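Data first, discussion second: the structure below is written as structure tokens.
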Amino acid sequence: MSAYSAKRVKESEGKGDVSGRPIQPPIKCPECSSQKIWKDGRYRNRQRYKCSNCFHRFVGLEIEFNVTSQSITDSHSAEDVSDSFVLSSSKELFKSFPFKFGEYVTSHKSSNAEENLNILRPYNRGQANPLQRQIEGRQTSSLTLQEFKGKMLEFAFYLKKNGKKQTTIKGHSGNLKNLYNSGATLFDPESVKETVALKECSNGTKRTLTYTYINFAKFLKIELPEMPDYKQESKLPFIPTESELNMLIGCAGPKLQPYLQTLKETGARSGEISAIKWIDIDFQRRIITINNAEKGSRPRQIEISEKLLTMLKRIPQTQNLVFEKNANKRMRKNFHSTRARLAFRTQNRRIKSIHLHSFRHWFACMLYHHTKNIMLVKQKLGHRSITSTQVYVQLLETSGKEEYVSKTATSIEEMTKLIEQGYEYVTDTRIGEISYKLFRKKKLWHPN
């Protein structure tokens with residue numbers, strides 16, 4: 001969603017905003033044509049924008065629609081602006097502007113305005129939202145924005161009293177907001193069922209939205225009809241390569257870098273990493289304890305490398321938490337910015353598919369392929385059920401060779417010591433008059 005779309009005021013009957021101006025179309029980046037534009041301060045008393053896709057900064061077009069030279073009858077509706085008016089008067093409109101469209105902040109060179117006439121295309125809110133047309137005309141009363149905010153706050157407090165965690169409350173609030181913005185009448189279960197059914201999303205998302213509304217209906221004591229049971233599609237997780245993860249860590253800043261390295265070496269969730277305290281780190285034994293496990297997982301201890309230990313020692317110990325307060329939200333935003341910058345520079349589409357949870361998938365996949373021990377993977381991830389861990393068994397093995405450490409023994413004492421260390425007997429060999437027994441053990445794998 002663009003900056004204009006994010007800031008757009010809710011219209012009544014689809015006829016422009018509260019100031020009487022027609023809705024302005026979304027802004028596109030002149031470099032990559034992306035609509036993911038964010039405001040980035042002002043430049044010479046004009047609004048400056050920044051593209052979140054290619055990080056190009058430019059000065060946008062600020063059109064005043066109350067032009068005295070061209071009066072538009074009933075300017076509250078964008079439908080009244082015909083195609084012929086746009087094509088005939090667009091050049092005159094641009095000539096009257098004190099600046100040109102698409103001016104680069106870095107080079108201060110203006111682009112040709114005539115190449116960007118498509119931004120003046122007629123915009124109809126009703127046509128842009130087909131879902132809104134499907135649910136119009138319902139007789140049940142819908143909540144206003146202020147009433148919805150009040151109900152959502154009461155619902156969040158209701159979940160808090162029932163022992164739900166903050167992450168669960170945040171997820172339910174986001175799903176409820178999604179239903180409200182999609183036009184669902186929250187007091188009408190049939191409206192919610194119709195809205196969810198018409199949404200273009202996966203069955204997993206529809207299942208989550210339905211579950212949230214069931215809890216919301218219990219809070220409001222609404223009698224529910226039979227709700228649909230959406231079956232979630234089973235998909236294998238996306239597993240990035242180690243080089244791709246290392247590139248992301250290398251491009252990260254001084255605060256994000258140890259956060260991502262901790263995700264890579266521990267296989268923990270981002271919320272669990274954000275809750276790590278200094279007392280949970282044993283610098284002598286190089287062990288991190290995950291005490292605040294999420295989603296009902298078990299607490300666990302993970303051995304870390306000297307590289308990560310050095311990164312953690314550079315962080316000032318000014319508070320109990322290793323990372324700053326609300327680190328999950330801040331680090332996630334910083335990670336998305338770093339990921340977009342790296343994907344644009346390397347032109348690697350796989351980079352954009354990497355999420356913070358992808359580090360956990362990579363850790364589990366590599367740990368299983370190097371150890372072939374599904375119970376060890378279950379213990380390291382903190383799973384309570386082996387069913388959650390078995391998904392990594394289905395993934396293709398990325399390393400075809402198994403690496404071993406080999407030892408030889410010539411006496412009973414040496415053989416006993418090797419067996420106690422976990423070595424297994426392989427074969428005998430004789431060199432001259434001395435007989436040797438060969439032992440081997442798989443190399444221990446640890447992410448670097």
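One residue stands out in region 235-267 among those that are without any contact (Cβ under 8 Å) to a residue 24 or more places away in the chain and among the small types (Gly, Ala, Ser): the one that is surrounded by the most Cβ atoms within 10 Å (Cβ to Cβ), namely Gly250.
Just one of (1) assigned to a helix (DSSP H, G or I); (2) touching a residue at least 24 places away in the same chain (Cβ under 8 Å); (3) of a type in the set (A, V, I, L, M) fails for Leu395. It is (1). Among the residues of region 348-367, none qualifies, meaning not one is farther than 25 Å from Leu395 by Cβ and basic (Lys, Arg).
Which of the residues belonging to region 406-434 are in a strand (DSSP E or B), among the hydroxyl-bearing types (Ser, Thr, Tyr), in contact (Cβ under 8 Å) with a residue 24 or more places away in the chain and surrounded by 11 or more Cβ atoms within 10 Å (Cβ to Cβ)? Within region 406-434, Thr408 is the sole residue that qualifies.
Only residues that are in contact with a Ser or Thr (Cβ under 7 Å, 6 or more places away or on another chain) and free of Cβ contacts under 8 Å to residues at least 60 places away in the same chain were counted across region 177-218, and they come to 9. Do we have Ile386 as surrounded by fewer than 13 Cβ atoms within 10 Å (Cβ to Cβ), within 25 Å of Thr167 (Cβ to Cβ) and touching a helix residue (DSSP H, G or I) at 6+ places or on another chain (Cβ under 7 Å) here? So Ile386 passes the test. Can you say whether Ser270 is surrounded by 19 or more Cβ atoms within 10 Å (Cβ to Cβ), at pLDDT below 95 and either within 25 Å of the chain's Cα centre (by Cα) or not assigned by TED's automatic domain parsing to the domain that holds Ala340 (or both), as far as the supplied structure shows? So Ser270 passes the test. Among the residues of region 177-212, those that are under 14 Å from Leu143 (Cβ atoms), under 24 Å from the mean Cα position of the chain (by Cα) and of a type outside the set (S, T, N, Q) comprise Lys177, Leu179, Tyr180. Scanning region 146-180 for residues being surrounded by fewer than 16 Cβ atoms within 10 Å (Cβ to Cβ) and farther than 28 Å from Ser234 by Cα gives a total of 11. Within region 335-354, the residues that satisfy the criterion of being surrounded by 17 or more Cβ atoms within 10 Å (Cβ to Cβ) and either at pLDDT 95 or above or in contact with a helix residue (DSSP H, G or I) (Cβ under 8 Å, 6 or more places away or on another chain) (or both) are Phe335, Thr338, Arg339, Ala340, Leu342, Ala343, Ile351, Ile354.
The values are calculated or read from the model by the stated rules, or taken from the named source; none is laboratory data. Small disclaimer: the values here were computed from a predicted structure and weren't measured. Note that each Cβ is placed from the backbone with ideal geometry, even for glycine, and that neighbours are counted across all protein chains shown.
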